[in-house]
């Protein structure tokens, strides 16, 4: 009995071993085909899901699909349908016809790997309405430029440019190495955006003459300090108490020749009043850039009105908007440039204040003895501009709602007159004992039109117009002030860069001997890590977010509605990647 039990145990062990090895072989074969099977299942489910959206023809021989497609791709779609018929061996010829639909079409913006990142910035705010002006082409230039105004440093811009170039040149290899790291994917998908931001940052850094908080002296300074010695403004006693140089452009002869050819003169990097000089320059520059971009946004709204043939909005919305912003803030830009051209450094102390002039302009106060006028007939010009701006407010607010109400009442009267005429015709036909199906059909058609006519609420239209008017008028003021972030972020970036150089790099450069030789490598490593972590990543992200806000709020709200939905074509690639739209 024991021998028999042992024999059965050995047989069972043999069966279990063979079963285990067979299972392992099956699993290995399945594992080799697992990815292919999963791909096929996903594709089959997607195909069946799409086919379920189609309708069956009454002959039960073909299916009817109602789809959206770009008009430019009509030939390709016809060719694909014919190719599908040939490959499937079907005898049914595919037919593609255009149908009318009351549903708003989706929005499709054709992009490539360069423009896709900028289009994603716009779509993150809201997908544009059908055939609405797309701000993405202008964002390709304005976004990296406004970023660079806040991030102006050619050293940091060069590091950013090299990082973007590495991603662009190795994009095929990096694309093949798929990863789920969201931070890396975000940077990699925006590689062309980072590339342009680096290029523009180098440009603005050269204008600011700022490279890791230091200046380039390429052409030689155009400033001469000898007149300051002769004038007694800067002497040895001052050097003993104040080791920093304070420049005074009002002293005659300090300009040794022509101005510095490109950017800020490098001597300002040594001056103790550097911030006073740069703050005034960057603040006025930020206001000018902001107003120019807002005016450009208002002009883009004109193209929307022209395309949709909305003549009412052109005359009663665009025209007063342009008058309001140009009479007030366009005039502010004019005063800034006029003051730059009319008052040099020698008379700058006696130059009138633009801010006080702008405030007195609204108060109609022209008797301020402490602030002389900028030019002749300034009172008449400013009074005219303020009156025109005040006229444009009721122009925007009142006229359009009442015209829409009058047009609605007129269309109602016409519809009721047509319906009465149709009813009289039907009664006349009935009295003569004849049947006129065409008249009945005409009456039924008018009745159906009345049932589906949109209701007109004058109160809603007026409130909507009032909100738009208040938002635009107050927005012009708040948006102009919002562009001052260009100045503030630029100042913060320059000061952080200077603090990092002074508190870190200067320590390693002051140590002498072999200890300084070894220590400078360690200090430079710390300096490089802090530069990348704080100035490139943190400050870069801050400038990126502020540039994003300037485009979404200050620029796009002048013409962009963004109330559409995205065109999502059937794509196996997006389905397998998990990025397909629901």
Handout entry: Whole-Å distance, taken between Cα centres, linking the stretch 171-225 and the stretch 313-353
Key = 33 Å
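How large is the Kirkwood hydrodynamic radius of the stretch 256-349, counting all unique pairs of alpha carbons, in Å?
On the way: mean 1/r = 0.0608 Å⁻¹.
16.4 Å is the Kirkwood radius here.
For 335, 1, what ranking results if the residue with the fewest other Cβ atoms within 10 Å of its Cβ goes first? All intermediate terms of the calculation are to be shown ahead of the outcome.
Details: 335 19, 1 5.
Fewest to most other Cβ atoms nearby, the residues stand as 1, 335.
Kirkwood hydrodynamic radius, the stretch 454-557, all distinct C-alpha pairs: what's the number in Å?
On the way: mean 1/r = 0.0563 Å⁻¹.
Taking the inverse mean of 1/r over all distinct Cα pairs, the stretch 454-557 comes out at 17.7 Å.
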Practice task
Return the distance in nm (one decimal) between the two label points of a simple spin-label model at residue 419 and residue 383, each offset 7 Å from Cα along Cα→Cβ.
Solution key: 5.6 nm
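Please give the per residue volume of the convex hull enclosing the alpha carbon atoms of the stretch 450-500, rounded to a whole number of Å³. List each step's numbers first, then the result.
Details: hull volume 5.1 nm³, N = 51.
Enclosed volume per residue, from the Cα hull, is 100 Å³.
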Completion exercise
Quick calc: nm separation of the 7 Å Cα→Cβ label points for residue 474 and residue 530 -> 4.4 nm
Handout entry: Percent of Cα pairs exceeding the 26 Å cut-off, where the set is the stretch 48-166
Key = 49 percent
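What ranking of 299, 199 emerges when the number of other C-beta atoms within 10 Å of each C-beta is taken as an exposure proxy, fewest first?
Working: 299 14, 199 17.
Ranked by crowding around the Cβ, least crowded first: 299, 199.
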Practice task
Please order 92, 197, 167 by the number of other Cβ within 10 Å, starting at the fewest.
Solution key: 92, 167, 197
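Please work out the Cα convex hull volume for the chain and give it in Å³ per residue. Numbers along the way, then the final one.
Details: hull volume 198.1 nm³, N = 582.
Taking the convex hull of the Cα positions in the chain, it is 340 Å³ per residue.
How much length is gained if the chain between residue 64 and residue 3 is pulled fully straight, taking 0.36 nm per residue apart and subtracting their Cα-Cα distance, in nm to one decimal?
The span from residue 64 to residue 3 would gain 14.5 nm if fully extended.
Can you tell me which of 182-195, 366-379, 282-295 comes out highest on packing, and rank the rest after it, using the mean Cβ neighbours within 10 Å?
For the peptides 182-195, 366-379, 282-295, the packing ranking is 282-295, 182-195, 366-379.
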Practice task
With only alpha-carbon atoms counted, please give the Rg and Dmax of the stretch 143-297, in Å.
Solution key: 21.1, 69
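Rank-order 144-157, 352-365 by packing density, defined as the average count of other C-beta atoms within 10 Å over each peptide's residues, highest first.
Details: 144-157: 25.4, 352-365: 14.6.
Going from most to least packed, we get 144-157, 352-365.
Taken together, the values in this text are just the output of simple stated rules run on the coordinates, not laboratory data. All of these numbers come straight from a predicted model, not from anything done at the bench. Ideal geometry is used to build each Cβ from the backbone, glycine not excepted, and the neighbour counts take in all protein chains shown.
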